[in-house]
Amino acid sequence: MQKPDPQNPDVTLITPTSPVTTPTHGGRAKCLQRLVRLELPVPRTVALSFDAVHRIAAGEMPDIAALLDGFGETAILCVRPSSGDPDWGGPSAILNIGMNDARRDALAARIGAEAATALYLRFVQAYAVHVARLDPDSFDEIDDAGPAGLAEALRAYEDEAEEPFPQDPVVQLSEVLRSMARAWEGTTARLLRQARGAPADAGLGLVVQEMALGVGPGECGSGVLQLVNSETGQRQITGRYLSQSQGREALQPGTGALYLTRDPRGPSLEEAEPEAFAQIRTYAELMRRKLRAEMQIEFTLEDGRVYILDGMRVARSSRAALRIAVRLAEEGIITRQEAVMRIEPRAITELLHRQIAPGAARDVIGRGIAASPGAATGRIVFTAAEAQASAARGEPCILVRRETSPEDIRGMHAAVGVLTERGGMTSHAAVIGRGLGLPCVVGAARMRFHHKRQQITTPDRRTFRAGDTITIDGTSGEVLLGAPETIEAALDESFQTMMAWADEIRDIGIRANADTPADAATARNFAAQGIGLCRTEHMFFEADRITPMREMIFADTAEDRQAALALLLPMQRADFTELFRIMEGLPVCIRLFDPPLHEFLPTDRAGLRDLAEALDLPVSDVTRRVEAMGEYNPMLGLRGVRLGITLPEIYDMQARAIFEATLDASREGAPVVPEIMLPLVSARREVEMVRNRIDAVAAAVRNERKQGFTYRLGVMVETPRACLRADEIAPYTQFLSFGTNDLTQMTYGLSRDDAGRFMSDYVQQGVFSEDPFHVLDTDGVGELVALGVERGRHSHPGVTLSICGEHGGNPESIAFCRAVGMDYVSCSPFRVPVARLAAAQLALERPRPVRDNPPVAES
Ligand code: PEP
Ligand code: MG
């Protein structure tokens, strides 16, 4: 049997010195202790530890009579949950424990019969539904708050529970505690909180507090107050107060609650009870400073006297969280480091999106749920495979599905936005869309989706087909025709400040993977320190380039090939000049041509005929040649540097375009030092041979232009052999960049393009803990990377090391890259801010050991 003595941590009265901690009693209990230490008027509160509550769930009740004794004979109590993190949820609070027939009569003398009856009724209703678990319908429908309603509730209780409503406060409190303890241990609650990040064994504490009643004579009531706006994070006193109310009733709409501060919309607490208001406000300011957080406070007035019942961290949008953290640090309440640690890197994505310009004309063709913010314009595609094909051609697309499933993941990665007919905020499309920072509108049920016919019909009977351009506005839920003007994400001052602090702290460089001028502009906007991967193959799918490309592929002789490449050269030069201009002297790493050539060839009859016409050859010839170029397994065939060895003219042309663009762009702005990267290397000799040719091109360009320039040559380490042989490859290069997409594919022997079919089964059954294409497999693939890093650095200590696979923007993968000593990570532009913040948090959590050869934090 345990009594609420302050030395017993399991059932302890909250005093300034009682042994209450968040890990043993939960956040609410700890917060209440802080309020007690600040000498705020907190009603008497007893905290039950996680252990005590766990034992209650198992049937071992502490000495409730002794606990009640401490509160005195006439006290009315409430019990509230206190878990390790408020986001993990918990059972709802139960108010007015202790009400029974006798107390109702006694209280009636003090606060009036009406108020006493209402309290009793409210307790019977809550107890019946949440504690005795009777049918809520029988209790919720009681409208009469007077004696008749109470009698009805007591009768309904007796009918359903087959016993009278318990009159003994010991029984009442014991049952309340037991039901709350059991609710926490139930499977549903456990799964729910685990989904919110709680550990499997997360504990629940409970606090038993004397009620300040909020009803009765004089000014009585309750309310909540906070000093910031939860949506924007701006300083603004928000909340409501309702006379003759309890708990959070003031927040329910239609109750006629008062505003807190003077407000043109209606009467306010500030005007009605200026002294109480000033007092509550002072308490709130004190809490903010001393608890070092924006708090929402729950208060009660009892005959004009203020009580503070509870304080909790203000609920907040991502934008508000950022602004709050920055301001607290600017006011010196927390440190900059703490501010940086307070923001969940993934939450930053919400702030980063392009929006439709406010004045832009909107031709709305449908509406759905705004599931993931931002505006995206692209051509309609109906399958994930088409989305991937479209992305490979460099054409932005909107993936339109009835609903998405795990098989669509790759298509979603490839699309710029997703539109679905079905689903809500937590549907697959919505959850994944938000995770990827991909604008997403779901549940556009009034649009008709005809997947077979590849059409959508709008409510006003307009029909659109695959290939038509639409825009989705994931912020408003609208689907618009065409491409309305958009504006870049609103990266306000707080965002910039937070990012600047993160940049001061982090010790690993962050670049972006960017193939197009638009990507590069986004990368700059998010302060990427350069481009870590520009995939050049996308540049060749454009209509005016595909024909010379095909002519080049079909050329029989080196001269014919040169002639076709001569057409492509100026286009490539213009591509690179533009990228260099946008990046203004920051490093730009251009990867030479990677994909299998046959990807550029037509597959259908019409395409073959067009090509035959262009080449002035019979269709049969063209068909035979196309078939001959087919490979059984193109991802492992003639691609990457193998093309550079067998058809060296392509790389010659690209190198020339890069060097000429370097000189052109340097003439106009900051000097450019281009980086040239060779894909799919597996042997030293490949690097040596290609390097010799590229050096020769550089010499030729210097000679022709009579101008000097430098460049850096590097190798993409994306085959297991390149990792293993990094020691002999590294001396031929200035940098090694780990292409973990291909490396994962080859390490697992698992096709990147087919993994989606069964990955969800594998993850669900726990075969893989995560999809290794999304989160770097640090055990297997990671071991190869670590070997590559170590061997590369051993033979070439000054070599720059980085990652440019999709994993580069994933906070867990960044931790790995940093731990093995990489100099920078490169990720998609929208993940750059996430990476900057994640990297800063890593640096704060675990400073990097000083190496003999410290990484150059890029600037
Ligand atoms: C990689 O393989 O990790 C990579 C970045 O290249 P790609 O995805 O273009 O094959
Ligand atoms: Mg690759």
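Computed from the coordinates by the stated procedures, all read-outs in this text should not be read as laboratory data. Keep in mind that this is a model prediction, so the values were computed, not measured. All Cβ positions, glycine included, derive from the backbone under ideal geometry; neighbour counts span all protein chains shown.
In the chain, the longest principal axis of the Cα atoms and the axis of helix 493-505 are about 70 degrees apart. When the alpha carbon gyration tensor of region 221-316 is reduced to an equivalent ellipsoid, the three semi-axes, largest first, read 19, 15, 13 Å. Put simply, the Cα atoms of region 364-487 extend 32, 31, 29 Å along their principal axes, the longest span coming first. Across region 97-134, the residues whose backbone nitrogen lies under 15 Å from the label position 7 Å along the beta-carbon direction of Glu158 are 101-102. Quantify how much of the Cα-Cα distance distribution of region 322-415 extends past 17 Å, in percent. When every Cα pair of region 322-415 is considered, 66 percent fall beyond 17 Å. DSSP beta bridges fully contained in the chain are about 65 percent antiparallel. Using only alpha carbons, region 481-623 has a radius of gyration to Kirkwood radius ratio (Rg to Rh) of 1.12.
Which number do you get for Rg(Cα) / (2.2 N^0.38 Å) in region 1-75?
Values: Rg = 12.1 Å, N = 75, 2.2 N^0.38 = 11.3 Å.
Rg over 2.2 N^0.38 Å, computed on Cα atoms: 1.07.
Between Val171 and Asp544, the simple label model (points 7 Å from Cα in the Cβ direction) yields a spacing of 8.8 nm. Label positions at Ala483 and Thr15, each projected 7 Å from the Cα along the C-beta direction, are separated by 7.2 nm.
Stretch Met635-Arg446 to full length: gain in nm at 0.36 nm per residue minus the Cα-Cα span?
Details: separation 189, 0.36 × 189 = 68.04 nm, distance 4.15 nm.
That works out to 63.9 nm of additional length.
Across all C-alpha atoms in region 391-431, the radius of gyration and Dmax reach 10.2, 31 Å.
How high is the relative contact order of the chain, in percent, with contacts defined as C-alpha pairs under 8 Å that are six or more residues apart? List each step's numbers first, then the result.
Numbers: 1788 pairs, mean separation 72.7, N = 859.
Taking the mean separation of contacting Cα pairs over the length of the chain, I get 8 percent.
Summing charges over all other residues whose Cβ lies under 10 Å from the Cβ of Gln572, with Lys and Arg as +1 and Asp and Glu as -1, gives +1. If you average 1/r over every pair of different alpha-carbon atoms in region 674-770 and take one over that average, what Kirkwood value in Å do you get? One over the average 1/r among Cα pairs gives 15.6 Å for region 674-770. In the chain, the inverse of the mean reciprocal separation of distinct Cα atoms equals 31.1 Å; this is its Kirkwood hydrodynamic radius. Each of Gly218, Met549, Gly84 was placed along the dipole of the chain (beta-carbon charges, centred on the mean Cα), and the one lying farthest toward the positive end is Met549. Give the distance, in whole Å, between the Cα centre of region 572-613 and the Cα centre of region 436-463. Rounded to whole Å, the Cα centres lie 32 Å apart. With no solvent and one equal point scatterer placed on each C-alpha of region 699-830, evaluate the Debye formula and give log10 I(q)/I(0) for q = 0.10, 0.15, 0.22 Å⁻¹, two decimals. Here the Debye-derived log intensity ratios amount to -0.37, -0.71, -1.23.
Relative contact order of region 137-250, please, whole-number percent, based on alpha carbon pairs below 8 angstrom and at least 6 residues apart. Write out the running numbers ahead of the final one.
Numbers: 100 pairs, mean separation 16.3, N = 114.
So the answer I get is 14 percent.
Relative to the present Cα-Cα distance, how much length would full extension add between Arg693 and Asp263 at 0.36 nm per residue of separation?
Roughly 147.3 nm would be gained on extension.
Could you tell me the distance between the Cα centroids of region 654-713 and region 755-822, to the nearest Å? Between the Cα centres of region 654-713 and region 755-822 lies a distance of 29 Å.
Give the peptides 231-241, 258-268 in descending order of average Cβ contacts within 10 Å, highest first.
Working: 231-241: 18.2, 258-268: 14.1.
Packing order, densest peptide first, comes out as 231-241, 258-268.
Note on region 576-636: semi-axes of the ellipsoid equivalent to its C-alpha gyration tensor, largest first and rounded to whole Å, are 35, 16, 8. Cα centroid separation, region 116-179 to region 303-329: 34 Å. Sorted largest first, the spans of the alpha carbon positions of region 11-210 along the three principal axes are 46, 38, 27 Å.
Annotation: peptides 161-171, 210-220, 660-670, ranked by per-residue average of other Cβ atoms within 10 Å with the highest first, follow the order 210-220, 660-670, 161-171. Summarising the amide proton neighbourhood of Ser372: residues at separation of 5 or more, or on other chains, whose placed amide H is nearer than 5 Å comprise Cys440. Using only side-chain charges placed at the Cβ, +1 for Lys and Arg and -1 for Asp and Glu, the dipole size of region 11-210 relative to its Cα centre rounds to 1180 debye. Asp105 sits among other residues whose Cβ lies under 15 Å from its own Cβ, and their net charge, with Lys and Arg +1 and Asp and Glu -1, is 0.
Going by average Cβ density within 10 Å per residue, which order do the peptides 407-415, 505-513 take, highest to lowest? All intermediate terms of the calculation are to be shown ahead of the outcome.
Numbers: 407-415: 22.6, 505-513: 25.1.
My ranking of the peptides, most packed first, is 505-513, 407-415.
Between Glu845 and Asp616, what FRET efficiency follows from the Cβ-Cβ distance if R0 is 56 Å, with the result rounded to 0.05? So the FRET efficiency works out to roughly 0.30.
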